[in-house]
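The values are calculated or read from the model by the stated rules, or taken from the named source; none is laboratory data. Here the structure is a predicted model, which is why all the values come from computation and not from measurement. Cβ placement follows ideal geometry from the backbone for every residue including glycine, while neighbour counts extend to all protein chains displayed.
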Amino acid sequence: MSIATSIEIDAAGLYYKELNAQIRDAVSEGALKVVLKNVTGQRYIGTNLYGTVDRDTLRKLEIEIHGTPGNDLGMFLDGPTITVHGNVMDGSGNTMNHGRIVAHGRAGDITGFSARGGEMFIKGNAGYRVGIHMKEYGDMRPVMTIGGATQDFLGEYMAGGVVIILGLTLKPGEAHYCNHVGTGMHGGMIFLRGNIEPHQIGTGVGMPELTDKDAELLTNYIAEYGRLFDTDVSEIKLEDFTKLAPLSVRPYKQVYAY
Amino acid sequence: MKIEEHQNNNPSKPAQRKASDFKIRSNRLSEFAVQRDYDRCIKCEVCIKQCSFDVHYRDEEDDLIKHRPENCVGCHRCAVMCPTAAISITPNPAQYRAHGSWSGEHVKDINRQAETGGVVLTGSGNDKAAPVYWDRMLINASQVTNPSIDPLREPMELRTYIGAKPASVKVKDGKLASEMPPQIKIQMPILFSAISYGAISYNVQKAIAEAAEELGTLYNTGEGGLHPDFYKYKDNTIVQVASGRFGVHPDYLNAARMVEIKIGQGAKPGIGGHLAGEKVSESVSITRMIPMGTDAISPAPQHDIYSIEDLRMLIFALKEATNYRVPVSVKIAAVHNAAAIASGIVRAGADVVAIDGFRGGTGAAPKAIRDNVGLPIEFALAAVDQRLRDEGIRNQVTLISGGGIRCAADIVKAIALGADAVYIGTAALIAVGCTLCQKCYSGKCNWGIATQNPYLAKRVNSEIAKNRLVNLVQGWSHEIKEMLGGMGINSIESLKGSRSQLRGVGLTSEELDILGIRPAGM
Amino acid sequence: MRDLSMVCNPYNEDKVISACSIFGMMDVSGKPFSGEPVFRAMENMHDRGNGLGGGFAVYGIYPEFPDHYALHIMYTSQAARHETEQYLEPRFLVERSEEIPTRKTDGINNEPLVYRYFVLPKIPKQSEVTEEDFMVEQVLRVNAEIDGAFVFSSGKNMGVFKGVGFPEQIARYFRLEEYQGHIWTAHGRFPTNSQAWWGGAHPFCMLDWTVVHNGELSSYGANRAYLETIGYKCTMFTDTEVLTYAIDLILRREKLPPEIFARVISPPLWEEIDRMPEDERKLQTALRSVYGGLLMNGPFSIVVANGSQMIAVTDRIRLRPLTAATKDSTLYFSSEEASIRLVSLELDHVWTPMGGVPVIGKLGALPVPEQSTKRNYTTSTPVEVAR
């Protein structure tokens, strides 16, 4: 392995096209760590790195963001790890394939939309339609861990993958405030810590018991969440989780007349 | 295999016809041909038992099941029920000489009248090829600029409130501070229209009432009163007050969620009704509160309504009688000045205006009226909605349109033209088994729907029929939701009066103007 | 401006389609501030517009005329100006009239003449019409009847500045750096219809109330049918026009509070209403069944303001973005959080409201984030801020 090179880019006043081109150039030239300062809303960070270096190298690439990256952060991401010291806006991890997005803040709407692989860690709350249409294929399975709570339509028509909601921003005893959870879900699973009323959950979603495999997965991701955000997770008990999984892989079979 | 071939196989029985093989003397060609595949026929006599029109019979001498096609009404009951699928009913290939002006139907009707001297009676709705304007309107959908909404996942609301609406809502300290007129919550903008017990059988009305209950909508008693057994469906019942006032009394009025004054019916505007004595069974007699076996005559007008102020008098009489607890609807047939009439009805104090188009169904109507009087519902609805808007009174009233609603798309188009909800009648009866043979007036309905004959009526199992009705309305509701989602809206009120969601194909500019829509491509 | 449909809607569409960026900034202590951060925030969201419309509403800019209506009028010719001034003369006491100061700006072309008039209405003695209704009627009449004239701002101690261009260009053109206000709202427009018109830019204004709007109302036809039945005339074929009339009807004419306005245009779902306590359920059922024609269906986020409050709300299933934030006594609304961070890196609170739940800043009171991050239909209790 060659010596990792790190490069810093001041994003202040840069248009997203220019900023992303600079990142691409840096990666092509061998940078394994790119630090972005003063990011204010530049879109598609991490999206344009395909073909810059070989796949293995891309998987070692780290992008560190200070500020507020724009919409579609890490869209189509295929390898790198993006760490954001701040909040992320809408569409982070959109159709992500591989890699990792870590946000030391909150996330906007449609976080992880259609993700097929990779990992996301959001320290705080997230917005509407988190994990919408996440999917999995073969050994690719996205896992998203949200430290706080989300708004409506969490895991809407989820087709695969794992969403873990730790509910750490809820007050003790406070119920989740998201409605229409898992509506149309036909694959994957949601692990949700905290109280949730039956009316908040979409039809066709069941609440099976946690399996040993589930427990192992949860334990690992909770530990990783604690490590990444330097948070004490010892209070998080597996028995506080509700598992949500689809009752059928074909929830709409009855809707059609043949 | 045809009968001729069969005879060739039985040379011992020469082709000899007995008198009973001959049809009743008439100049009329049979409307239908009955074809029986004798290789398939197992002589089980199901067809004989199923046909109340005496089409099929057993010829003991020939040991064959034979038929009298001249009696056939084309209801297809025998063909459907035949266990070996041996029967097919087709239009009679033998037709009169083709003529551009004198259709076979004209010739047959003339003969029928020449034989009897009567009015040509029919049932069900207008079967003529008058333009169905629903089919000339196309619905919009979203692309890019506003998202379409997926109704299977996202909320999609069809709930509708029937009843008059005040101009505004007053709020004090976060609470409702204005009085709301009576409102009825229905879960989808689809109601079952007026079909009386008498016109249809007990089991069918029961099925409709139970379907309304299960669906969370309303059914309408028609002008036939309310059978004592059906008071338990009162939360889903609209009772009608029509010119005959059959079965109308305080219990009846107060059993309902809504009272409807029937001025007219789309299938027969301007004329009354006539339930033949044959259909006035004991149970119908109890319900209508008239002696068994007598004709039940509904006069053409309501004889206490000769003008709009008289209508107001009846509306408020009904409101008094129900202690202002329920909305009062006024149903009219779609006629040429429907817009002005509807405006008068609103000003007379009605909470709901129901308009019934000329393709609406009936248990019995003179064919001359059914096929020639009235207006297509599409035009009547567009004109009424526009007039009420121009006069600033549209928001006060609920507008229900009926008469020729065949599918979910028709409903979407009706609401985009301005309706709050639709009445369905014929579609409901088709769901129960009706095949549109149009002989409802005969009382011999082979499908057990438009009959009081217990032997026929028991063919409808009310629970199965109820399930079929529920399935139909739920299927339509799904389709409506799909179309709403396509337009990017998630609640039915956001479609109401939104004529820009429609475009016309093959319409003249006058027709487009009346419908208030633009041609496709513009 | 006779036949506005010709200038707003040359292709005679059902409605003109546009998407956008919106931003709002209010100091609830009432202290006026320069719009410079607003211009920067809008410039940061440049890509959400396409240069075919930008504008600002600023409150508190004419303290020397607190009781006069400030009419901002755009003219396509001097003749239109003369005709309009002749129309105004018998109906108003015109305290001052002047050309609105502008500067030549790159990217701003075909600019109309823009004038402002500080006026008091002369309402006939025997007339029973209220001053506000008189003003609305006059504004709509000038717009509908005088060819080449368009009143685009008509409130007191406030003004709308808008036109065809990117918002930062419009700000430069109108020399907005010279104004100070305690509320600024802003808009960058992305119409799909290339023939943009100055009057069609946002904010839309009706007396003191203004609105900037991102999104498209899929229910436009139903909303328009409802409002036209009441007597509003939709001449511009934009969905923002129906929003403006809904604001006028519910907030100005019916005087219902902004929480109720939000529940009319973005009502809760029936299933939520069914779960409400009885009083709430009765109220909400009445609102939905009476004002069903004002349900704004389809994606939107809006910022509505008058001199004393700034309100943001989205559609009920939040199909358009909105971020709210506070820092000291300042309230921010934006399509994108990054634009808020750009002008104030440190924030006390930053949050995304639930779909349909309004965030309301009033003079002296900042909104409490928890009241809009969760669905809570009881009336809000804001945080008091010293003025």
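Points worth noting:
For every residue, the table says whether it meets (1) away from chain C (no Cβ under 14 Å); (2) loosely packed, with under 12 Cβ neighbours inside 10 Å; (3) under 28 Å from B:Ile377 (Cα atoms); (4) over 29 Å from the mean Cα position of the chain (by Cα).
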{"residue": "B:Ser101", "(1), (2), (3), (4)": "yes, yes, yes, yes"}
{"residue": "B:Gln113", "(1), (2), (3), (4)": "yes, no, no, no"}
{"residue": "B:Tyr133", "(1), (2), (3), (4)": "yes, no, yes, no"}
{"residue": "B:Arg136", "(1), (2), (3), (4)": "yes, no, yes, no"}
{"residue": "B:Ser142", "(1), (2), (3), (4)": "no, no, yes, yes"}
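- Conditions (1) part of a helix (DSSP H, G or I); (2) more than 9 Å from every other protein chain (Cβ to nearest Cβ); (3) surrounded by 20 or more Cβ atoms within 10 Å (Cβ to Cβ): number failed by C:Thr285: (2)
- Residues satisfying the stated conditions in segment A:199-236, i.e. more than 22 Å from the chain's Cα centre (by Cα) and assigned to a loop (DSSP other than H, G, I, E, B): A:Thr203, A:Gly204, A:Met207, A:Pro208, A:Glu209, A:Thr211, A:Ser234, A:Glu235
- The lone exception for A:Phe121 - which of (1) surrounded by fewer than 24 Cβ atoms within 10 Å (Cβ to Cβ); (2) farther than 16 Å from A:Tyr225 by Cβ; (3) in the same structural domain as A:Ile165 (by TED's automatic domain parsing) it fails: (2)
- Subset of segment C:322-360 that is among the acidic types (Asp, Glu) and either at the interface with chain A (Cβ under 8 Å from one of its Cβ atoms) or crowded, with 24+ Cβ neighbours inside 10 Å (or both) - its residue that is farthest from C:Phe300 (Cα to Cα): C:Glu337
- Meets criteria (under 16 Å from A:Ala245 (Cα atoms) and in contact with a strand residue (DSSP E or B) (Cβ under 6 Å, 6 or more places away or on another chain)) for A:Ile165: yes
- Just one of (1) surrounded by 22 or more Cβ atoms within 10 Å (Cβ to Cβ); (2) modelled with pLDDT under 95; (3) farther than 24 Å from B:Ile332 by Cα fails for B:Ala199. It is (3).
- Residue check, B:Tyr233 touching an Asp or Glu at 6+ places or on another chain (Cβ under 8 Å), more than 16 Å from B:Val422 (Cα to Cα) and not basic (Lys, Arg): yes
- Flag for B:Phe379 being in contact (Cβ under 8 Å) with a residue 40 or more places away in the chain and assigned to a helix (DSSP H, G or I): yes
- Criterion violated by A:Ile65 - all others in (1) in a loop (DSSP other than H, G, I, E, B); (2) within 14 Å of another protein chain (Cβ to nearest Cβ) satisfied: (1)
- If you go through segment A:135-150 and keep only what is of a type outside the set (A, V, I, L, M, F, W, C) and either crowded, with 24+ Cβ neighbours inside 10 Å or in contact with a helix residue (DSSP H, G or I) (Cβ under 6 Å, 6 or more places away or on another chain) (or both), you end up with A:Pro142, A:Thr145, A:Gly147, A:Thr150.
- The listed residue being more than 8 Å from chain B (Cβ to nearest Cβ), in contact with a Cys (Cβ under 7 Å, 6 or more places away or on another chain) and modelled with pLDDT under 95, out of C:Met276, C:Met236: C:Met236
- Summed over segment B:466-514, residues that are of a type in the set (Gly, Ala, Ser) and crowded, with 23+ Cβ neighbours inside 10 Å total 5.
- Top-ranked residue in segment B:260-278 [being over 19 Å from the mean Cα position of the chain (by Cα) and either touching a residue at least 60 places away in the same chain (Cβ under 8 Å) or not assigned by TED's automatic domain parsing to the domain that holds B:Leu456 (or both); ranked as surrounded by the fewest Cβ atoms within 10 Å (Cβ to Cβ)]: B:Glu278
Conditions (1) assigned by TED's automatic domain parsing to the domain that holds B:Val470; (2) within 27 Å of B:Cys434 (Cα to Cα); (3) in a loop (DSSP other than H, G, I, E, B), marked per residue:
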| position | (1), (2), (3) |
| --- | --- |
| B:Glu213 | yes, yes, no |
| B:Tyr233 | yes, yes, no |
| B:Gln240 | yes, yes, no |
| B:Ser285 | yes, yes, no |
| B:Ile290 | yes, no, yes |
| B:Thr294 | yes, yes, yes |
| B:Leu314 | yes, no, no |
| B:Ala317 | yes, no, no |
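- Just so you know, in segment A:9-45 the residues that are assigned to a loop (DSSP other than H, G, I, E, B) and of a type in the set (Phe, Trp, Tyr) include one that is surrounded by the most Cβ atoms within 10 Å (Cβ to Cβ), and it is A:Tyr44.
Here is a yes/no grid of residues against (1) among the hydroxyl-bearing types (Ser, Thr, Tyr); (2) over 30 Å from B:Gly277 (Cβ atoms); (3) in the same structural domain as B:Ala450 (by TED's automatic domain parsing):
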residue: B:His99; (1), (2), (3): no, yes, no
residue: B:Gly104; (1), (2), (3): no, yes, no
residue: B:Gly125; (1), (2), (3): no, no, no
residue: B:Leu176; (1), (2), (3): no, yes, no
residue: B:Ile195; (1), (2), (3): no, no, yes
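- Boolean, C:Leu363 is facing chain A (nearest Cβ under 10 Å) and surrounded by fewer than 23 Cβ atoms within 10 Å (Cβ to Cβ): no
- Residue count for segment B:285-314, restricted to those that are basic (Lys, Arg) and surrounded by 20 or more Cβ atoms within 10 Å (Cβ to Cβ): 1.
- Residue selected from segment A:69-89 under the condition within 12 Å of another protein chain (Cβ to nearest Cβ) and small (Gly, Ala, Ser), by the criterion surrounded by the most Cβ atoms within 10 Å (Cβ to Cβ): A:Gly70
- Across segment B:471-498, the number of residues qualifying as facing another protein chain (nearest Cβ under 7 Å), closer than 19 Å to C:Pro267 by Cα, assigned to a helix (DSSP H, G or I) and small (Gly, Ala, Ser) comes to 1.
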